[in-house]
1. Tell me, what HN-Hα J-couplings in whole Hz come from the Karplus equation 6.51 cos²θ - 1.76 cosθ + 1.60 at θ = phi - 60° for each residue of the range 60-69, using x for Gly and Pro?
2. Can you bin the range 1-97 into rounded, prolate or oblate? Criterion: square roots of the alpha carbon gyration tensor eigenvalues sorted a ≥ b ≥ c, rounded for a/c under 1.5, prolate for a/b above b/c, oblate for the rest.
3. Net charge near T73, counting Lys/Arg +1 and Asp/Glu -1 over other residues with Cβ under 13 Å of its Cβ?
4. Amide H neighbours of V64 under 5 Å, at least 5 residues apart or on other chains, H built in the peptide plane: list them.
5. Among 30-40, 51-61, 85-95, 69-79, how do they line up by average Cβ neighbours within 10 Å per residue, starting with the highest?
6. Quick one: grab the alpha carbon gyration tensor of the range 26-70, order the square roots of its eigenvalues as a ≥ b ≥ c, and give me rounded if a/c is under 1.5, else prolate or oblate depending on whether a/b is larger than b/c.
7. So what J values fall out for the range 77-84 if you push phi through Karplus, 6.51 cos²θ - 1.76 cosθ + 1.60 with θ = phi - 60°, rounded to Hz, Gly and Pro as x?
8. Sort V96, V10, V46 from largest to smallest accessible area, using a 1.4 Å probe on the heavy atoms of the protein chains.
Amino acid sequence: MLILASDVHVLARFGRALADPLRCRVLLALRGAPAYPAELADALGVPRTRLSNHLACLRDCGLVVAVPDGRRTRYELADERLGHALDDLRAAVVAVETGRTCPEADEKGCC
């Protein structure tokens, strides 16, 4: 059963998804067009098992959906507006002080 998330939960889910560079790359790839996991793994140069874990996270966050296509499953953004949001985030200017990183930068490579 699908439910609509509140504004705060939507932002938290988006933030969780964007916290990992590979998930960012997956979202950007799907922004261009839906894709099958094998195609995504090849395009991103990652093992399929690693990609599978990240696709599961993106599904859990509600940002991508798995669409059955015969014996295969195609992935796409859950809402086309997510592609526009990604474009807006990429175009945003981020003010970063020299020598400072976010608290989790060393652990997760977020910044």
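The values are calculated or read from the model by the stated rules, or taken from the named source; none is laboratory data. Because the structure is predicted, anything quoted here is derived from the model rather than measured. Glycine also receives a Cβ, built like all others from the backbone with ideal geometry; neighbour counts cover every protein chain displayed. These area figures cover heavy atoms from the full protein model, side chains too; ligands, DNA and RNA do not enter into them. Shrake-Rupley method; radii C 1.70, N 1.55, O 1.52, S 1.80 Å.
1. 4, 6, x, 8, 10, 10, 9, 10, x, 9
2. Taking the square roots of the gyration eigenvalues as a ≥ b ≥ c, the range 1-97 is oblate.
3. Its environment carries a net charge of +2.
4. R59, A78
5. 51-61, 30-40, 69-79, 85-95
6. Rounded, since a/c falls under 1.5.
7. Here the 3J(HN,Hα) series is 4, 5, 8, 4, 5, 4, x, 5 Hz.
8. Sorted by accessible area, descending: V96, V10, V46.
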